[in-house]
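Participant: Okay, handing you the structure first.
The values are calculated or read from the model by the stated rules, or taken from the named source; none is laboratory data. Fair warning: this is a prediction, and the values are worked out from it, not measured in the lab. FYI the Cβ positions are ideal-geometry reconstructions off the backbone, even for glycines, and counts take in every protein chain you see. Ligands, DNA and RNA are excluded from the accessible area calculation, which covers all protein heavy atoms including side chains. Shrake-Rupley method; radii C 1.70, N 1.55, O 1.52, S 1.80 Å.
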Amino acid sequence: MSNGKLIVLALACLGTAGPGLAADFSDPTWPCIQRKVEDLSLGLMWPYQVVDGETAENSTDIDEIAGLLALRRIELEDLRPQVAEFAARYNGDPDILGQVFQRVFDTLSKRRKHIIAGIGEFSLKQIDLAEKIDLARVEMDQALSSDPPDYDRVDALEEQLDWDQLIYSDRQRSITYLCETPQIIERRLFAISQMLQQLTSDQG
């Protein structure tokens with residue numbers, strides 16, 4: 001039985017539908033409804049050419065504001081006054097603000113890629129567990145149909161199945177958040193780009 005079919009079978013047996021089902025089974029390690037996009041493009045988010053406007057004098061400032069913007073636990077609106085003050089200090093220079101965005105983009109893109117890789121590893125564990133559950137059910141049917149039925153083996157398999165299904169279901173409940181995280185990062189990057197663009201000297 002293919003890995004994709006195993007996922008569907010296990011979810012059907014466990015009654016867990018929705019986020020766990022992949023939108024496209026061409027990649028059985030991707031369990032998310034959201035389309036898998038591994039790499040983001042800086043050029044699609046930042047309309048200016050990013051040139052190296054960094055000097056020894058402004059490098060610390062760029063690192064500091066980029067580090068704050070990359071912290072997802074801080075709301076962007078809370079950082080707006082600091083970002084505006086930074087932009088004013090450099091007269092809204094698109095080169096400087098481009099350097100800020102590139103730093104944030106590099107940081108969050110790397111985190112996002114690690115999360116996508118983690119989702120793949122998570123999915124492989126679920127595929128393995130689904131296969132284990134499927135094989136245990138087959139073995140339990142065989143034990144019940146033997147003459148005489150092997151009730152001791154059935155009891156042991158049933159206990160293991162209960163445990164494995166509980167683990168599978170608990171993991172599956174976390175998949176919605178895991179699948180949304182790459183898009184949350186992508187939306188933050190777009191929002192940061194918009195914020196910085198509004199503060200460039202080109203925008204008046």
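Participant: Please calculate how many Å² of accessible area the range 42-181 carries per residue, with a 1.4 Å probe and no DNA, RNA or ligand atoms counted. All intermediate terms of the calculation are to be shown ahead of the outcome.
Facilitator: Details: 8070 Å² over 140 residues.
Using a 1.4 Å probe on heavy atoms only, each residue of the range 42-181 averages 58 Å².
Participant: Now, a different point. Can you tell me how much longer the chain between Gln34 and Leu144 gets when fully stretched, taken as 0.36 nm per residue apart minus their C-alpha distance, in nm with one decimal? Walk me through the numbers on the way to the answer.
Facilitator: Details: separation 110, 0.36 × 110 = 39.60 nm, distance 4.15 nm.
Full-extension gain reported as 35.5 nm.
Participant: Would you tally the net charge around Gln183, using a Cβ to Cβ cut-off of less than 10 Å, leaving Gln183 out, and scoring K and R as +1, D and E as -1? Walk me through the numbers before you get to the answer.
Facilitator: On the way: positive: Arg35, Arg112, Arg187, Arg188; negative: Glu180, Glu186.
Result for the local shell: +2.
Participant: Right, something else. Report, as a whole number in µm² per second, the diffusion coefficient that Stokes-Einstein gives for the range 90-204 at 10 °C and 1.306 mPa s using the Kirkwood radius over alpha carbon pairs. Numbers along the way, then the final one.
Facilitator: On the way: Rh = 18.3 Å.
Roughly 87 µm²/s, to the nearest whole number.
Participant: Moving on to the next point. In µm²/s, what is D for the range 31-94 at 25 °C and 0.890 mPa s, where D = kT/(6 pi eta Rh) by Stokes-Einstein and Rh is the Kirkwood radius from Cα pairs? List each step's numbers first, then the result.
Facilitator: Details: Rh = 14.3 Å.
Estimated via Stokes-Einstein, D reaches 171 µm²/s.
Participant: Which whole number in µm²/s is D for the range 77-134 by Stokes-Einstein, with the Kirkwood Rh taken over Cα pairs at 20 °C and 1.002 mPa s?
Facilitator: D, rounded to a whole number, is 147 µm²/s.
Participant: Taking the Cβ-Cβ separation of Arg153 and Asp27 as r and a Förster radius of 22 Å, what is the calculated FRET efficiency to the nearest 0.05? Walk me through the intermediate numbers first.
Facilitator: Numbers: r = 37 Å, r/R0 = 1.67.
Step by step, r from the Cβ atoms, then E = 0.05.
Participant: Further question: From Cα pairs below 8 angstrom and at least 6 apart in sequence, can you work out the relative contact order of the range 40-198, rounded to a whole percent? Walk me through the numbers on the way to the answer.
Facilitator: Values: 99 pairs, mean separation 49.4, N = 159.
After rounding, I find 31 percent.
Participant: For the range 102-144, with all protein chains present and a 1.4 Å probe, just round the carbon and sulfur fraction of the accessible area to a whole percent. Walk me through the numbers before you get to the answer.
Facilitator: Values: 1260 of 2300 Å².
Carbon with sulfur: 55 percent of the solvent-accessible area.
Participant: Same structure again: Rg over Rh of the range 141-193, using C-alpha atoms and the Kirkwood radius, what does it come to? If you can, show how the numbers build up before the last one.
Facilitator: Numbers: Rg = 21.7 Å, Rh = 14.5 Å.
That ratio is 1.49, to two decimals.
Participant: Using Cα centres only, tell me the gap between the range 116-136 and the range 70-91 in whole Å.
Facilitator: 41 Å
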